[in-house]
Structures are given as structure tokens and as C-alpha cells.
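Worksheet for the structure shown next.
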Amino acid sequence: MKSRNVNYDLAVLGSGPQGLNVASWIKKENPNYNVIVLESQKKYPHKIGESTLSGFCKAVRSNDIRHEAWQNLFYTKKGLGFWHTDEYNTDLRTLPEYIIETFDETFQIERRTFDELLEHNCKRQGVEIIRGARVQAAECELSASGNKIKYIKDGEEVFLNCKMVVDATGPASIINNHYLEDGDYIESDVPFQTSSVWAYYKNVKWLKDYENWALDAENPRDEYTQHICFKEGWVWYIPIVSWTKSKDENLSAMLKYLSDPESPLLSRDELATKFDCVYEQIWSIGISLRNDRDNVIREKGSAATFEKYLEKIPTFKQLLEGAELLNGYYPNHKPYAKRLNYRRRAKQFAGDGWLAVGDAAFFVDPLRSPGLTGGVAMGYHAKIAILKALSENNFSKQTFEGYSQRIEELHEMLEDQNQIAYMSHNHPEGIALVRRFGEVSSRGHYNEFQHQEEYQFPDTNVWGHLYTEHFRMQKQVLAIMLEEEERVGKIKNIENQSGADYEIMIARMKQVIGDHLEKNLYLNPFTVVNQDKIRENEQGVKAVA
């Protein structure tokens with residue numbers, strides 16, 4: 001087998017959004033650095049993960065992807081919507097509802113299309129990207145004095161010498177799983193694990209075509225990532241503009257064109273005509289469940305999970321009435337896909353000569369779309385740490401202790417937040433309390449820093465939830481909810497529990513955050529507009545309970 005040696009300043013393993021963002025940031029900061037990305041896949045596969053938030057979009061714009069390019073490729077997203085339902089509710093329009101209105105225009109993206117757009121942008125900036133490169137982790141050498149990465153491509157061995165390595169290989173977490181003797185990518189130590197199953201549909205009835213909603217929304221409800229929440233978990237509803245039926249070479253040419261900030265802007269239809277591409281409207285629909293409350297995904301499979309909850313939750317059935325399930329629309333979706341026990345983390349976030357970003361560091365539940373947003377926060381901290389290490393020529397593990405500490409704090413906050421979000425589904429008021437609590441910090445943080453064009457350090461405080469006061473109250477709320485689930489669980493099994501069993505939990509939560517929410521009511525636009533209707537609805541819920 002032929003072999004050769006090459007030299008770089010930075011090698012990024014994996015060409016997902018987080019790895020490409022870090023590569024772009026480093027190259028943009030100092031064009032003299034030689035940066036390479038190694039990717040095992042020869043072409044971009046389909047991935048789940050459509051929902052984006054303002055922090056992620058801002059980070060990508062700071063790497064020169066025009067906002068207008070997103071608008072012409074993808075479906076607009078204006079916020080997050082949450083409904084509380086159970087087996088007795090039959091109409092979406094009458095459910096207790098909470099909407100986090102838009103901070104900034106974001107998008108529901110098709111990942112294959114989006115990831116390739118980022119690759120073309122990276123190449124335009126001077127980053128080298130090698131596809132079909134199979135890294136031989138067991139034969140690599142990582143150290144503070146220099147790294148040697150061995151990969152094989154097209155029958156050739158390549159020994160890549162570099163000062164710094166970024167692991168952006170997603171859940172494969174190649175350094176932790178395949179290089180470190182004491183490393184691993186393990187299940188997070190949380191009170192309950194979660195699993196998901198999902199599929200794609202056509203001809204779903206648009207939410208804008210439903211009339212007589214009980215509450216008012218600023219934008220069409222289709223333009224929110226919608227969550228149907230119930231005691232076992234939740235259902236997601238995401239409209240997607242899909243380009244997957246376009247020929248690979250045509251789609252690639254279109255994305256290369258859009259990655260150039262100097263190319264004339266064209267509408268979606270003009271792009272489709274110019275590059276002979278095809279787009280269509282589909283929907284991503286999925287179910288996420290707490291394993292401690294229902295393990296049907298593992299025990300009976302994906303189809304059985306959809307069948308069970310379409311029958312158990314009438315509003316879910318209402319959502320998909322008349323819709324067409326797509327079989328094999330994307331590879332490995334025939335027609336369902338699933339992921340079990342997915343809340344995981346690496347044992348190490350950094351070491352001599354390397355650090356991990358994105359899902360290679362940790363993966364948390366997708367309930368509030370934290371993956372891409374938390375990932376770019378990691379990527380920004382990685383950029384700062386890498387630039388410092390390169391300038392000082394110091395790549396020891398100690399150099400990255402600050403990075404590891406920040407990632408640990410981010411992981412802890414996001415995991416606590418996810419547990420709180422799931423436990424809020426125990427009671428109709430719980431969702432509104434938890435979402436309003438999060439939105440107060442998020443909107444206050446956004447209002448303070450929205451004037452910044454570039455993604456900067458304050459943006460890494462994801463949604464403002466790392467502020468000391470929010471973090472403190474979040475811990476208090478988490479403790480209350482865990483105690484109340486334990487108390488109720490000793491009295492009734494999950495099948496027999498109802499919202500009435502969690503009235504004490506709601507009262508205790510209000511003692512901790514009630515005054516805080518009232519004082520900052522102006523930061524909750526949906527609540528302000530609908531406060532009289534919400535008050536009437538809450539009174540009705542209590543009467544029924």
C-alpha cells in the first residue's frame with residue numbers, strides 16, 4: 001500500500017456542522033493556518049436534526065453564510081410551540097398552549113442539504129476537506145508535542161502530522177471510544193433515559209388551515225417547531241422543504257453557488273430552474289418517550305410505537321389525519337427510524353493535543369432543539385482555546401482545562417433543563433410555568449446582546465440559562481419536580497396518574513419562580529397577548545381536575 005506524510009496546523013475529524021464551523025472560524029481568524037477536515041463518508045448522508053435556533057443561525061452567518069441563502073433553501077421557523085394533551089383531549093385548537101415567539105428568523109433545515117452548503121463555504125475559505133478518509137484511531141498518536149493521524153483513502157495510507165486535533169465525529173466520538181484507554185462515550189447519569197422514533201410524511205394538513213384557535217399566535221403555527229406533550233413524552237411536528245429528489249451533481253452545484261456571498265441572489269424557484277433541482281414539501285414527525293414510563297420502542301419497535309400513540313393520543317391522530325407516510329424517502333427510513341437511550345456524553349472533553357465538540361462531547365434530548373445551538377457554543381469556546389494554543393505553541397491537557405469546564409457546565413445545564421421539561425408534562429400548567437421561566441432569561445439575554453452582528457462570547461450562554469440566578473432557581477425547580485414524581489409514584493403507577501396528582505408540584509414551583517415570572521411578564525409576548533384567555537383556561541383546567 002502506498003503511503004505519504006502531510007503536515008497541517010489543525011485537523012478536524014468529521015464534517016458535520018460543528019466541525020465545519022470550527023474549521024471555518026479558525027481559517028477566517030488566521031488564513032495562514034493550514035486546516036484540514038477528514039470525513040469517512042464519501043457523500044453526505046441523511047441525518048435527523050432539522051430544527052435550528054437563533055444562536056446557531058447567528059454563528060453560521062458569522063462564517064459568511066448569507067441569511068438569504070437559508071431563506072431560499074429552507075422552511076422558515078418563527079419559534080417553539082407546546083401543547084399539553086392526554087387521552088381525553090380531542091382537538092388541538094382547544095389544548096393548553098404555550099408559544100415562545102421568535103427572537104430571530106430561523107429555519108427548519110434538511111441536514112444533507114445544509115451540511116453540504118457548509119462544506120462548500122469551508123472550501124471557499126481555504127479549508128481542505130477529504131471525503132472517504134477512514135481514520136485508523138488505534139494507530140494514531142496524540143500528544144502535547146505533536147499529533148500523528150493515520151487515515152486510509154483509496155488504498156493509500158496517509159500520515160497526517162498536526163499540532164491540534166478536533167474530534168467532531170458525533171456520537172462515534174472516535175477519540176474517546178477508539179483511542180483513549182480510559183475514555184468512553186457513555187449513557188448520561190440521569191433519572192430517566194429517553195428514546196425516539198420518527199418518520200416523514202406528505203400531505204399533512206397545515207395548521208394554518210385549522211380555524212377558531214382558542215389562543216392567538218403572532219405567526220402561523222406551522223412556523224413553530226410544534227410539540228404535543230403528554231405524561232410519557234412528546235410528539236414533534238416540523239415542516240421541511242426537501243431537495244432530496246435533485247440529482248447529486250445538480251444540488252451540489254446549486255449549493256456551491258449559494259455559498260459564495262458574491263453570487264446574485266435568486267428565489268427558490270429561480271434556483272430550482274437554473275440548476276435543474278427539485279424541491280417539495282414534507283414533514284418530519286417523531287415521538288420521544290421516557291424509558292421509565294414507556295419502553296414500547298425497545299420492546300415492540302417503531303411501527304408499534306406510532307400505532308400505540310396514534311390511538312392513545314387523539315390530538316396526535318388528528319394531526320396526521322389524511323397524511324401520507326413516506327416509505328424509503330430517505331435511506332434507512334423504511335419508513336421509520338429510531339434511536340434508543342441517546343442521552344450520552346464523553347468521559348473526556350479534551351486532552352493533550354485534542355478536544356471534542358458537538359455530539360462527540362455530549363448528546364442531550366432534542367426537546368428544545370439544544371443540539372446545534374449548544375454545539376456552536378462549544379465550537380466558539382473551542383475556537384478560542386485552539387487559537388490560544390496555536391499562538392502559544394502549548395497543546396497540553398492543562399491548556400484546555402477552561403474549555404472542559406465550560407462544556408461540563410453547559411452539559412449540566414442542558415440535562416437539568418431537559419429533565420424539567422419532561423416532568424412539566426405531568427400537569428397542563430407545568431409546561432407554561434417551565435417555558436415562561438426559560439423565556440424570561442432567554443429574551444432578557446437576547447435583548448441585551450441582539451445588536452451584535454458577529455457571534456460572540458455572550459452568545460455561548462445558551463438562552464441565558466447559565467446566569468447564576470437562573471441556574472440556581474432551575475436547580476430548585478428540578479429538585480421539587482423529582483420529589484413530586486417520587487411522591488406521586490409511590491401512590492399511583494403511571495397509567496393511573498393525572499394532572500390532579502401534581503397540583504402540589506405546581507404550587508411548590510410557583511413558590512420558587514412565581515414572583516420572578518410576574519415581575520418579568522413583559523418578556524413573555526405570547527402570555528401578555530393571551531393572559532385573559534390563559535387565565536380562563538387555567539381555571540377551567542383546575543375545575544376539571
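The values are calculated or read from the model by the stated rules, or taken from the named source; none is laboratory data. Here the structure is a predicted model, which is why all the values come from computation and not from measurement. Here Cβ is always computed from backbone atoms with ideal geometry, including for glycine, and neighbour counts include all displayed protein chains. Accessible surface is based on the protein model in full, side chains and every heavy atom, while ligands, DNA and RNA are left aside. Shrake-Rupley method; radii C 1.70, N 1.55, O 1.52, S 1.80 Å.
Counting pairwise Cα distances across the range 322-376, what percent come out greater than 16 angstrom?
Every Cα pair in the range 322-376 considered, those over 16 Å come to 61 percent.
From Cα coordinates alone, what are the radius of gyration and Dmax values for the range 153-274 in angstrom?
Cα-based Rg and Dmax for the range 153-274 come out at 22.6, 65 Å.
Which listed residue (N203, P96, H84) has the Cα farthest towards the positive end of the charge dipole for the chain, taking +1 on Lys and Arg C-beta and -1 on Asp and Glu C-beta about the Cα centre?
It is N203.
Of the options G132, L142, C122, report the single residue whose Cα projects farthest towards the positive end of the charge dipole of the range 99-144 (beta-carbon charges: Lys, Arg +1; Asp, Glu -1).
Positive-most Cα among the choices belongs to G132.
With a 1.4 Å probe and every protein chain kept in, tell me what percent of the accessible surface of the chain is carbon plus sulfur.
47
Taking R0 as 25 Å, what FRET efficiency do you get between K510 and R472 from their Cβ-Cβ distance, rounded to the nearest 0.05? Walk me through the numbers on the way to the answer.
Details: r = 17 Å, r/R0 = 0.67.
That pair, K510 with R472, gives E of 0.90.
Can you work out ³J(HN,Hα) from phi for every residue in the range 142-153, in order, using Karplus 6.51 cos²θ - 1.76 cosθ + 1.60 and θ = phi - 60°, giving whole Hz and x for Gly and Pro?
Values per residue, Gly and Pro as x: 10, 7, 5, 9, x, 10, 10, 9, 9, 9, 10, 9 Hz.
With each pseudo-label sitting 7 Å past Cα toward Cβ, what's the Q41-D352 distance in nm, one decimal?
About 3.4 nm separates the two model spin labels.
If the viscosity is 1.567 mPa s and the temperature 4 °C, what translational diffusion coefficient in µm²/s does Stokes-Einstein give for the range 401-545 when Rh comes from Kirkwood over Cα pairs?
78
Starting from the eigenvalues of the Cα gyration tensor, five times each then square-rooted, give me the equivalent ellipsoid semi-axes of the range 120-169, largest first, whole Å.
Each semi-axis is the square root of five times an eigenvalue, giving 20, 16, 9 Å.
Could you point to the residue in Y8, S62, H427 farthest towards the positive end of the chain's charge dipole, with +1 and -1 charges on the Cβ of Lys/Arg and Asp/Glu respectively?
Y8
Run a plain Debye calculation on the range 239-288 (Cα atoms as equal point scatterers, no solvent) and give log10 I(q)/I(0) at q = 0.24, 0.26 Å⁻¹, rounded to two decimals, same order as the q list.
Treating every Cα as an identical point scatterer, log10 I(q)/I(0) equals -0.90, -1.00.
If you place +1 on the Cβ of every Lys and Arg and -1 on the Cβ of every Asp and Glu, how big does the dipole about the Cα centre of the range 327-473 come out, in debye to the nearest 20?
Its charge dipole is roughly 660 debye.
Tell me, how many Å apart are the Cα centres for the range 393-471 and for the range 1-57?
Spelled out, the Cα-based centre of one part sits 25 Å from the other.
If you take all C-alpha pairs in the range 442-525, what percent of them are over 23 Å apart?
The share of Cα pairs beyond 23 Å in the range 442-525 comes to 42 percent.
Which value, in debye to the nearest 20, gives the size of the charge dipole of the range 375-459 about its Cα centre, when Lys and Arg are +1 and Asp and Glu are -1 at the Cβ?
It comes to approximately 100 debye.
With both bridge residues required to lie in the chain, what share of the DSSP beta bridges run antiparallel, to the nearest 5%?
In the chain, approximately 65 percent of DSSP beta bridges are antiparallel ones.
Rounded, prolate or oblate: which fits the range 70-158, taking a ≥ b ≥ c as square roots of the Cα gyration tensor eigenvalues, rounded meaning a/c under 1.5, else prolate when a/b beats b/c?
On the way: a/c = 3.30, a/b = 2.36, b/c = 1.40.
Prolate, because a/c is 1.5 or more and a/b exceeds b/c.
In Å², what does the accessible area per residue of the range 60-165 work out to with a 1.4 Å probe?
Accessible area per residue, the range 60-165: 32 Å².
How many percent of all Cα-Cα pairs in the range 22-72 sit more than 12 Å apart? Walk me through the intermediate numbers first.
Details: 957 of 1275 pairs.
For the range 22-72, the share of Cα pairs beyond 12 Å comes to 75 percent.
In whole Hz, with x marking every Gly and Pro, tabulate ³J(HN,Hα) for the range 311-319 from phi via Karplus 6.51 cos²θ - 1.76 cosθ + 1.60, θ = phi - 60°.
Each residue of the range 311-319 in turn: 7, 6, 10, x, 6, 5, 4, 4, 4 Hz.
Taking a probe of 1.4 angstrom, what is the accessible area of R339 in Å², to the nearest 10?
70
Assuming R0 = 51 Å, can you tell me the calculated FRET efficiency for the pair V278 and F457, based on Cβ-Cβ distance, to the nearest 0.05?
Calculated transfer efficiency: 0.75.
Give me the log10 of I(q) over I(0) for the range 391-430 at q = 0.28 Å⁻¹, as the Debye formula computes it from C-alpha points; what are the numbers?
Evaluating at q = 0.28 Å⁻¹ gives log10 I(q)/I(0) of -0.88.
Hey, got the dipole for the chain? About the Cα centre, +1 on K and R Cβ, -1 on D and E Cβ, debye to the nearest 20?
960
For the chain, evaluate the Debye formula with one uniform point scatterer on each Cα (no solvent term) and list log10 I(q)/I(0) at q = 0.09 Å⁻¹, rounded to two decimals.
-0.67
On a 0 to 90° scale, report how tilted helix 525-544 is relative to the longest principal axis of the chain, with both axes built from alpha carbons and the result rounded to the nearest 10.
For helix 525-544, the angle is close to 50 degrees.
Note down the accessible area of E39, probe 1.4 Å, to the nearest 10 Å².
Near enough 20 Å² of accessible area.
Grab the beta carbon distance between A500 and H67, set R0 = 45 Å, and tell me the FRET efficiency rounded to 0.05.
So, using R0 = 45 Å, E works out to roughly 0.45.
Please give the length that would be gained between D189 and N203 if that part of the chain were fully extended, namely 0.36 nm times their separation in residues minus their C-alpha to C-alpha distance (nm, one decimal).
1.0 nm
Using modelled backbone amide H atoms (1.01 Å from N, in-plane), which distant-in-sequence or interchain residues come within less than 5 Å of Y237's amide H?
Distant-sequence amide H within range of Y237: Q226.
Against the empirical 2.2 N^0.38 Å scaling, what ratio does the C-alpha Rg of the range 295-340 come to?
Values: Rg = 11.5 Å, N = 46, 2.2 N^0.38 = 9.4 Å.
Here the answer is 1.22, to two decimals.
With θ set to phi - 60° and the Karplus curve 6.51 cos²θ - 1.76 cosθ + 1.60, what are the ³J(HN,Hα) couplings of the range 358-364 in order, to the nearest whole Hz, using x for Gly and Pro?
Those phi angles translate into x, 5, 5, 8, 6, 10, 10 Hz.
So what's the net charge close to W463: Lys and Arg +1, Asp and Glu -1, counting the other residues with Cβ under 11 Å from its Cβ?
Computed value for this residue: 0.
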